[in-house]
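**Student:** Mind looking over this structure? Questions follow.
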Amino acid sequence: MTGQAVLEVRNLVKHFPITGGDIIRRRVGEVHAVCDVSFDLFPRSTLGLVGESGSGKSTIGRCLLRLHEPTAGSVRFEGRDVLAMKPKEMRRLRRELQIVFQDPYASLDPRMTVGAIVAEPLRVHRSGNGDGEVNDRVRELLRLVGLNPEHGNRYPHEFSGGQRQRVGIARALALDPTVIVLDEPVSALDVSIQAGVVNLLEELQDRLDLAYLFIAHDLSVVRHISDQVAVMYLGRMVEIGSRDDVFTHPSHPYTQALMSAVPVPDPVRERERPRVVLTGDLPSPSDPPSGCRFRTRCPKFAGQLSEGEQQRCIDEVPALVDHGTGHPAACHYAQALTVL
Amino acid sequence: MLEPRPAPGPLPGAPGPGVPEPGAPDELVEFGVEVRSQWRLVLGRFFRHRLAMASLFLLALLVVVAFLGPHLSRHDYTKPGPDLSQAPSIHHWFGTNELGIDTFAQVQRGAQRSIEVAFLVAFLSTTFGSIVGALAGFYRGWIDTVLMRLTDLFLTIPTLAVLLVVAARYRGSRNSWIPIVLIIAGFTWMPLARLVRGVTLSLREREFVEAARAVGASNARIIFRHILPNSLGPIIVNATLVVAGAILVETALSFLGFGIQPPDVSLGLLISNGVQAANTRWWLFYPPGFFLLLFCLAVNFVGDGLRDAFDPQQTRVRA
Amino acid sequence: MAGSVLEVENLHVTFASPDGPVKAVRGLDFSIGDGESLGIVGESGSGKSVSMLAVMGLLPRNATITGSIRFRGQELLGRPEAELRKLRGGKMAMIFQDPMTSLNPVLTVGFQIAEAIEAHRPDTDRKGRLARAAELLDLVGIPNATTRVRQYPHEFSGGMRQRAMIAMAIANDPDLLVADEPTTALDVTIQAQIMAVLERAQEATGAAIVLITHDLGVVAGTADRVMVMYAGRAAETGTIYDVFGHSRHPYTLGLLASLPRLDDTGRERLVPIPGSPPSMVHPPPGCAFNPRCPYARALCKAEMPVLRPIEGTGQCSACHFAEDLNGARPT
């Protein structure tokens, strides 16, 4: 990837307080949702952010837009410090940095017409002179995402899930953004509809020069759409690299297990694949394991390391650097493995 | 070739047929989609609720009679007449009182005043309660604490006692009904504030509110354009119930002599005047009482119907 | 048919709704043999869950069910509820999608499993039932089963709750195990574990499994046979290798072409199926898939195709032109 990154995230941290107490609510603990995450997003490219529940991927997306306020770290958009921005500046930034949500049923206000929903960003930012221009832009946007512009005066419940998601995308495009955070945009859709929306996203990226942060748990979709991929586990980034690198030579045991677990719709391959199976359950994010957070479930830790090596995993947080496998992986004993 | 086939509105829980996805072949059939706003669906369900519809008609009838009163009967509710304490007859449909004043005219005027008070109270208390609840639920933190403790304070104060004390101040004044309205409204907003706060707390976590924030909408816009419109269901239902409650409170006050003052008239005052004559001159007591009863019943059934219409029981089908 | 656990013939399920009758299942035929593993695949609106809920007798009262459902030769439709209850949880068991809500939060997990045992074997004593519950938890891979038996559902993670559900389902040695989207609500690494548990459960009981899912990958890994459903009818049935390798129905072909695959190296365009799943109040006439089918002809709108065996293969397909397809990929 050449050129300047449009979005630079460094050492991002987000902790959620757990409150308790009766009359006065006190902080009794913290959920470590995101810990020390750094990455770059380049223009006209897609960074796929993968992870399971509790990985913190959705939280990262929201932190970038300051829908959650990060606890620490820095986010720079085209060189400008996002976290230090005052409300007025932030409002202007929202024209360039937008988000599409997962649930097409919950992310649209059921009491507003679809046209009004798409027009809202324009009205909030008083973009366009008068109703005529706004309406024209709304029609243009609806057409852009493949919907009939005549249907702008209908309500969300009259549309299917896939169509609603297109409305959400139209809304995100209204102000001509540079970067769009896509939080699980196709997970809630029927399988046969997902492909249409994925194609639309790719088309729009080419046409409008967009950069995507594509947050998902579905590795198959991520492989299809991303240029770069980053893998998250329990708040930490465990592997990052170009898509082909990560998918053909996964180096972190979690990435290997994750790819191993994703089923492929091909009975012959599916039954012959090598499997890396994880044991146990996700640790609590309010009390993550010391050192490497993955060690409690890591098949390498359990089966291949000596005691001395295991001690290193318990004591030392592994750094996200290239251990000789071609791209950074946060494992002291990273080794590329072909899992597919 | 292929003609569009009309389909009824979409099913709950099932994706509706609508616009063909892009890139589709031209022979793709377009299913017609009926424009059905949420309000239409709600109204549809309400119209199907027979008791609520009947009560709505009754309510409309009562209101019309009360407000068109002077045009219906020939008598003035203040003018004494020659026929004293007459039983109901063709000239005086509800008879007359000891001063010869036509009872029907009095009941109409009383009903009109009582209904005015009730609706105004409902409007004021609903507006105030909704705003308090929405602010508390949206901002949380110390705003929530302060507003909710204020609400608790008002809830624990014995309403009737305070009402009596305050009402006593305005006793004998001409436009006694205005302070009465304000006082009653001042003590009926609390349950709605609690309710709206609860609804707001859940709505603010919904993704469409997050989406509005992501677009840069101000807090005021989010509260008034997104949260309150989506809370209208419980608010409207509650408002109808406040109407019934308010009219009863006003009746109680007037009955005790602290509410509407003569020469103005209200149902409570009429009942109060007529209670001693209940056995001998029944026409002074039962008509106003009966009107009150019908009104409250009708309002309550309409409220029930509205509640069902906004929140119907549906057996969802998973396929 | 000897050795068949379940036979479903011409099943129709219709729901009353304010918009008109919803025809969720419109003529379904299939059967499952002893110890077999059948995957039922479809999207929302296909009728896959509704058909199995009808088999278990778990549909609400506004459902009209016609046809024939035979469990080991005995007709289930029209049976009184008391008799169905004897079968449910005993010889026929079901596992649902959401492990968070399927367990009662105020009762211990052991108690709930023991309850399932008691319902079908009232002669056992309490101690014996709890011991058996612990055994079952162990079988499904929950560590420290004897301690876990006395814990409450909120102390279990999502994956463990699903294991507990499976334990409850196999408690009485069922002949038929129905799993309705058992892993959809779970993370993919947990999904892999649960599918392994299901396999182990099948081995332990010798039961036939019906796996309902929308995930073609999950089905590819575990099922012997698969039935693809669309709009309340079966589109295609056959062995897993046949249906995936040589599909005989345009819908199956369309699904397979539209899926991004984990082992896809190229950046080929996905081929979506145009349109969206149809309304079940007014399904399209003839073949329900015809509005979205790239091969549709006049016959497809005129006549509803019947599920019929395709000569030379072990597959059945409900497409007028199934013979011409032979695993072609739509352009």
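The values are calculated or read from the model by the stated rules, or taken from the named source; none is laboratory data. Remember, it's a predicted structure, so these values are computed and weren't measured experimentally. Cβ atoms come from the backbone with ideal geometry, glycine included; neighbour counts cover every protein chain shown. The protein model used for the area step is the full one, side chains on, heavy atoms only, and it has no ligands, DNA or RNA in it. Shrake-Rupley method; radii C 1.70, N 1.55, O 1.52, S 1.80 Å.
**Student:** Could I have the simple spin-label model distance between B:LEU61 and A:MET90, label points 7 Å from Cα toward Cβ, reported in nm to one decimal?
**Tutor:** 5.9 nm
**Student:** Explain nothing, just the number: relative contact order of the range A:91-179, from Cα pairs under 8 Å at least 6 residues apart, as a whole percent.
**Tutor:** Computed value for the range A:91-179: 48 percent relative contact order.
**Student:** I would also like to ask the following. So what are the three principal axis dimensions of the range B:71-116 from its Cα atoms, in whole Å, longest to shortest?
**Tutor:** That works out to 30, 18, 15 Å along the principal axes.
**Student:** Using Cα-Cα distances under 8 Å and only pairs 6 or more residues apart, what relative contact order does chain A have, in percent?
**Tutor:** 19 percent
**Student:** I need the peptides C:99-107, C:153-161 ranked by packing, meaning the mean over residues of other C-beta atoms within 10 angstrom, with the highest value on top.
**Tutor:** Ranked from most to least packed, the peptides come out as C:153-161, C:99-107.
**Student:** A further question on this structure: To the nearest whole number, what is the average tally of beta carbon atoms from other chains within 10 Å of the beta carbons of peptide C:151-159?
**Tutor:** The shielding value for this peptide is 1.
**Student:** Would you pull out the residues with amide H under 5 Å of A:TYR233's amide H, same chain only if 5 or more places away, H placed 1.01 Å from N?
**Tutor:** Under 5 Å from the amide H of A:TYR233: A:VAL238.
**Student:** So, one more: Shielding of A:150-162 by partners, i.e. mean partner chain Cβ atoms within 10 Å per residue?
**Tutor:** That average works out to 6.
**Student:** I would also like to ask the following. Please express the Cα-Cα pair-distance distribution P(r) of the range A:215-340 as a list of whole percents, one per 5 Å bin, running from 0 to the bin with the greatest distance.
**Tutor:** With a bin width of 5 Å, the distribution comes to 2, 11, 20, 24, 21, 13, 6, 2, 0.
**Student:** When the accessible area of the range A:1-115 is computed with all protein chains present and a 1.4 Å probe, what percentage of it is carbon and sulfur?
**Tutor:** Answer for the range A:1-115 is 50 percent, counting heavy atoms of protein chains only.
**Student:** Next question. Quick one: angle between helix C:109-120 and the longest Cα principal axis of chain C, in degrees between 0 and 90, rounded to 10, please.
**Tutor:** Between the helix axis and the principal axis of chain C, the angle is about 80 degrees.
**Student:** Normalised radius of gyration for the range A:150-219, please: alpha carbon Rg relative to 2.2 N^0.38 Å, two decimal places.
**Tutor:** 1.12
**Student:** Can you work out the Karplus-derived ³J(HN,Hα) for every residue in the range C:298-308? Use 6.51 cos²θ - 1.76 cosθ + 1.60 with θ = phi - 60°, whole Hz, and x for glycine or proline.
**Tutor:** Those phi angles translate into 4, 4, 5, 7, 7, 10, 7, x, 9, 5, 9 Hz.
**Student:** Here is a follow-up. Rounded to the nearest 10 Å², what accessible area does C:LYS23 show when all protein chains are kept and the probe is 1.4 Å?
**Tutor:** Estimated to the nearest 10 Å², C:LYS23 gives 80 Å².
**Student:** Could you go through the range C:91-106 in sequence order and give the Karplus-derived ³J(HN,Hα) for each residue, using 6.51 cos²θ - 1.76 cosθ + 1.60 with θ = phi - 60°, rounded to whole Hz, and x for Gly and Pro?
**Tutor:** For the range C:91-106, the Karplus-derived couplings read 7, 10, 10, 10, 10, 9, 6, 9, x, 5, 9, 7, 9, 6, x, 9 Hz, x marking Gly and Pro.
**Student:** Can you tell me the 0 to 90 degree angle between the C-alpha axis of helix C:188-205 and the longest principal axis of chain C, rounded to 10?
**Tutor:** It is inclined by approximately 70 degrees.
**Student:** Considering only the range A:164-249, what is the antiparallel percent among its DSSP beta bridges, to the nearest 5?
**Tutor:** 55 percent
**Student:** From other protein chains only, count the Cβ atoms within 10 Å of every residue's Cβ in A:100-111, then give the mean.
**Tutor:** Across A:100-111, the average partner-chain Cβ count within 10 Å equals 5.
**Student:** What helices does chain A have that are whole DSSP H segments, at least 20 Å long along their own axis by Cα, and with mean Kyte-Doolittle hydropathy of 0.5 or more?
**Tutor:** Span-like helices here: none at all.
**Student:** Separate question: As an exercise, use a Förster radius of 60 Å and the Cβ-Cβ distance of B:ARG48 and A:ASP315 to find the FRET efficiency, rounded to the nearest 0.05.
**Tutor:** 0.30
**Student:** So for A:TYR105, B:TYR170, C:TYR295, what's the accessible-area order with a 1.4 Å probe, most first?
**Tutor:** A:TYR105, B:TYR170, C:TYR295
**Student:** Here's another thing I want to ask about it. Given the protein chains as shown and a 1.4 Å probe, how many square angstrom of B:GLU207 are accessible, to the nearest 10?
**Tutor:** The accessible area comes out at roughly 30 Å².
**Student:** Under a plain spin-label model, where a point goes 7 Å from the Cα along Cα-to-Cβ, how far apart in nm are B:ALA277 and A:ASN11?
**Tutor:** 8.9 nm
**Student:** Compare C:SER68, C:SER44, C:SER247 in a GNM of chain C, Cα atoms joined below 10 Å, and give the one with the largest fluctuation.
**Tutor:** Looking only at C:SER68, C:SER44, C:SER247, the largest GNM fluctuation is found for C:SER44.
**Student:** How high is the relative contact order of chain C, given as a whole-number percent (alpha carbon pairs under 8 Å, six or more residues apart)?
**Tutor:** 20 percent
**Student:** With labels modelled as points extended 7 Å from the Cα through the Cβ direction, what inter-label distance (nm, one decimal) is found for A:GLU150 paired with B:ARG74?
**Tutor:** 6.2 nm
**Student:** List the residues, sorted by chain then number, that are 5 or more residues from C:GLY27 or on another chain and whose placed amide H is less than 5 Å from its amide H.
**Tutor:** Under 5 Å from the amide H of C:GLY27 lie the amide H atoms of C:LEU11, C:HIS12, C:VAL13, each far enough along the sequence or on another chain.
**Student:** Rounded to whole Å and ordered largest first, report the semi-axes of the equivalent ellipsoid of chain C derived from its Cα gyration tensor (root of 5λ).
**Tutor:** 36, 23, 18
**Student:** Between C:THR124 and C:SER31, what FRET efficiency follows from the Cβ-Cβ distance if R0 is 35 Å, with the result rounded to 0.05?
**Tutor:** Result of the calculation: an efficiency of 0.60.
**Student:** So if R0 is 56 Å, what FRET efficiency would A:SER306 and C:ALA82 give, r being the distance between their Cβ atoms, rounded to the nearest 0.05?
**Tutor:** Computed FRET efficiency for A:SER306 and C:ALA82: 0.35.
**Student:** Which ³J(HN,Hα) values in Hz, rounded to whole numbers, follow from the phi angles of the range C:33-49 under the Karplus curve 6.51 cos²θ - 1.76 cosθ + 1.60, where θ = phi - 60° and Gly and Pro get x?
**Tutor:** x, 3, x, 7, 10, 10, x, 10, 10, x, 9, 5, x, 6, x, 5, 6
**Student:** Per residue, what accessible area does the protein assembly as shown have, given a 1.4 Å probe and all protein chains present, in Å²?
**Tutor:** Per residue, the protein assembly as shown has 43 Å² of solvent-accessible surface.
**Student:** May I pose another question? Considering amide H positions built from the backbone, and no H for Pro or chain starts, which residues 5 or more places from A:VAL100, or on another chain, come under 5 Å of its amide H?
**Tutor:** Residues meeting the criterion, in which the H sits 1.01 Å from N, are A:VAL181, A:LEU182, A:ASP183.
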